[in-house]
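The values are calculated or read from the model by the stated rules, or taken from the named source; none is laboratory data. Quick caveat: nothing in here was measured; it's all calculated off a predicted structure. Cβ placement follows ideal geometry from the backbone for every residue including glycine, while neighbour counts extend to all protein chains displayed. Note: areas computed on protein heavy atoms with side chains; ligands, DNA, RNA excluded. Shrake-Rupley method; radii C 1.70, N 1.55, O 1.52, S 1.80 Å.
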Amino acid sequence: MNERVATTSGSGSSYKFGDTDLAATRLRTVAQVFEHSSRDFITGAVDRPIGLAVDLGSGPGYTTRIVAESTRAANTVGLDSSPSFLAAAAADTSRPGLVFHQHDVTIVPFPVGPADLLYCRFLLSHLTDPDAVLTRWAGQLADGGLLLIDEVEYVRTDHPVLAFYQQVVTTLLGRNNQLLEIGSTLARMSAPPRTERLESALVTVRPAARDIGTMFLLNLSTWRRDTSITEIFSSVDLDRLEADLSDVAEGRLVASAEWGMRQILYRRVHE
Ligand SMILES: C[S@@+](CC[C@H](N)C(=O)[O-])C[C@H]1O[C@@H](n2cnc3c(N)ncnc32)[C@H](O)[C@@H]1O
């Protein structure tokens, strides 16, 4: 029987960062900024040949390629609920051999069989019951299989423009029962049943100012008309934020921020 873990709307459709072309463009910058920390994490985790690797919430496929290259898996599959992201992933010929399926990853079983490695980045912030989700995911691992979680623990900045953006995006997710800075919550949780936690590390990433501006501006443009935001923040303040972030993205305003990424590695124990 299929099992589903509740999200805000009872399905994967509560994802607030959108799946438009703009959202896909943002994920391209995200991919460049976080590529090294993710590659190092995956490469360091893999200690045996991987038959099947699965990228959970694969978006347009940037993380799926990192998973495929870092694990050298015989087969790599990306699962995502967004048809437009999946179409973009499938259309990109720079990723030959990768397979993508539409699937709400809060529902098990996955349509691919037991995995030797499951990887998830920037997804658990958008799901409302991470403990239950991880339990379900652990059940999709082959014996000895690895579950890698790569999520935001904090975004620190003392620049007022970036700090205001953080306030707005945290409000957007919070009003939808989602938690942007979910890393410490994940770090405190016990290992899912039939798994052991092999590692839990905090890795820092300091993106270039223009990249921060680009990521934040494209994200704000995607959801700034969401009522969760417009009920709280005035259009004057949001217009000013958009203009300020444009200045950061185009190098007219310098601002810095540091991300703390929580990277947790679980292994399914042999039974
Ligand atoms: C912030 S993006 C991260 C994409 C990619 N992992 C990365 O790090 O670039 C989150 C992705 O999760 C997908 N997503 C959200 N909820 C989902 C669900 N319940 N099932 C499958 N995919 C989901 C979204 O469509 C989106 O592609």
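Seen from all directions on average, the chain presents a Cα convex hull projection of 13.5 nm². Projected label points at Leu22 and Asp226, each 7 Å from Cα along the beta carbon direction, are separated by 1.3 nanometres.
Helix content alone sets the calculated 222 nm mean residue ellipticity of the chain: runs of n ≥ 4 DSSP H residues at -39500 (n - 2.57) each, divided across all residues, give -12500 deg cm²/dmol.
Normalised per residue, the accessible area of the chain is 43 Å², obtained with a 1.4 Å probe and no contribution from ligands, DNA or RNA. For Asp237, the accessible surface of its heavy atoms amounts to roughly 60 Å² (probe 1.4 Å, protein chains only, rounded to the nearest 10). Its residue count N sets the reference 2.2 N^0.38 Å, and the alpha-carbon radius of gyration of segment 175-269 equals 1.44 times that reference. Using the Cβ-Cβ distance between Val236 and Thr171 with R0 set to 22 Å, the FRET efficiency works out to roughly 0.85. Taking Cα atoms only, the orientation of helix 209-223 departs from the longest principal axis of the chain by about 90 degrees. Bridge orientation summary for the chain: considering DSSP beta bridges with both residues in this region, about 55 percent are antiparallel. Compared with the dominant Cα axis of the chain, that is its longest principal axis, helix 160-174 is turned about 50°. Applying 1/(1 + (r/R0)^6) with r as the Cβ-Cβ distance of Arg210 and Ser190 and R0 = 35 angstrom yields a FRET efficiency of 0.30.
Loop-located GluC sites (Glu not before Pro) in segment 195-265 (DSSP state not H, G, I, E or B) with no more than 16 neighbouring Cβ atoms inside 10 Å: Glu231, Glu250. Surface composition of the chain: carbon and sulfur atoms hold 49% of the protein heavy-atom accessible area at a 1.4 Å probe.
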